[in-house]
Structure formats: structure tokens, C-alpha cells
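Report on the structure given below.
Computed from the coordinates by the stated procedures, all read-outs in this text should not be read as laboratory data. The model shown is predicted, which means the values in this text are computed figures rather than measured ones. Here the Cβ positions follow ideal geometry from the backbone for every residue, glycine too, while neighbour counts run over all protein chains shown.
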Amino acid sequence: MSGNIASQFKKFEVEYERLLKCFSEFEKIKGKLSSAERTVLQNDNQASPPLSIHHMNLIEENAKRDLKALSISLKKIEAHIKHSVNK
């Protein structure tokens, strides 16, 4: 049984790392979009800010919340594994 728990924990760790990488890539893309928006606004006084930046902020907030929840779940699983191993 403990082998199954360790296997599940490893899967969670891999998924957590994948999500961190995705979030990092998202941050890079968001930065590039913000930079592009500033360039457009500087070159075109009549340009209105795109709605996508607002949506990107919402996605970022959701991603942060999901990563926090995943981190908490990983800590609970780790504690459960440690408790199971120490029995």
C-alpha cells in the first residue's frame, strides 16, 4: 500500500512541477502582451486597452489559487505518507 501512496505522491509532484512551468510560461507571455500593449498605446493615442489583459489577470489569479490548492494537497499527501511510513 505504501508503494501506491509513494507512486501517487510522485505523480502529484510531477503535475505540480508541470503546473509551475505552465504558470512561468504564462507570466512570460503576459509580460510580452503588456509590453506590446504599451507600444501600441504609445504609437496610437486612440487605441483602447484590450480586454484580454483583464482576462489574463483573472487567469493569473485562478492559476495562483490552483497552485496554492495543489501545494496544500501535496503537503497533506506528504504528511500522510510520512505518517504511514512511520507506523
Handout entry: Estimated distance in nm for a label pair at residue 35 and residue 75, the labels positioned 7 Å out from Cα along Cα-to-Cβ
Key = 3.5 nm
Handout entry: Entries of 10/32; 30/82; 28/68 with Cα pairs more than 29 Å apart
Key = 10/32; 30/82
